[in-house]
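Here the structure is laid out as structure tokens; the discussion comes afterwards.
Readers should treat all values here as calculations from the given coordinates under stated rules, not as data from a laboratory. These numbers come from a predicted model, not from an experiment. Neighbour counts are summed over all protein chains in view; Cβ atoms, including those assigned to glycine, are modelled from backbone coordinates with ideal geometry.
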Ligand code: CU
Ligand code: CU
């Protein structure tokens, strides 16, 4: 049992230890498997086969397990380290200490999006991009999406999603017909001008590598998804009589049969059922502030 903290309240020593553990994992050649694994499970609605990480009810439990496995690797390097969360309703600006040189580093430069400062800047030698859907060997960002500016989601927008009592609905995908908390948070359905709803808009706002299937190339991925995980916790607390859906495997006549995972079916590649990770308190707690 350990505690995940708000990144804004980390001490400089805690920031340093998180960064060093991530760099160590990269040096050991064990970071990029998380990038490739995430890319491999980026199946979309329009593709055939099982969707497990995105555009599906397992969006929350799959990423919870993904973070747990990554965090276990970090904690083998440094047992004091946990994944901090980034509350983007509060830390909304490029001037936030999140983007300082001792932590995530800054924005990409305007010419090519290359991040030039901080521990993950290519020129500082520790952060080559080895696995990506794009060609660059350097980490890229475009904070605020300069070509079509967007803002991070607000407290009111998050509240609108948290107030939804139903976890997910048929057809269990990313279409507007799929109502419910999961699709609202995951966020494929808002207009392009908004950059999507909550989770997707944050990927868009950071820009660069964060916008694609290989988004874990940017270590801020983990801080964003730790907050997404905390949002699931808050929703569960708010709606104690609501449950993960679908509860049972979909029947053979359902168009989504074999394409989404119900509460008791194992999620690849982990082999863990969503129900095994419904309660995060078996693993960690959140310090909320
Ligand atoms: Cu993802
Ligand atoms: Cu994401």
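Some notes on this structure:
- Cα long-axis angle, helix 12-27 against the chain (0 to 90 degrees, to the nearest 10): 80
- The stretch 1-79-the stretch 240-289 distance, computed between alpha-carbon centres (Å): 18
- Angstrom value of the Kirkwood radius, inverse mean 1/r, which spans all Cα pairs in the stretch 227-267: 11.9
- Structure-based [θ]222 nm, the chain - -39500 (n - 2.57) summed over DSSP H runs of at least 4, per residue, nearest 500: -9500 deg cm²/dmol
- Judged by the mean number of other Cβ atoms found within 10 Å, the most tightly packed of the peptides 57-63, 101-107 leads the ranking 57-63, 101-107.
- Principal-axis tilt of helix 59-77 within the chain, Cα atoms, nearest 10 degrees: 40
- Inter-site label distance for residue 13 and residue 169 at 7 Å from Cα along Cβ, in nm: 5.1
- Stokes-Einstein D for the chain, Kirkwood Rh over Cα pairs, 25 °C, 0.890 mPa s (µm²/s): 127
- Summary of packing: across the peptides 173-186, 70-83, the per-residue average of other C-beta atoms within 10 Å ranks them, highest first, as 173-186, 70-83.
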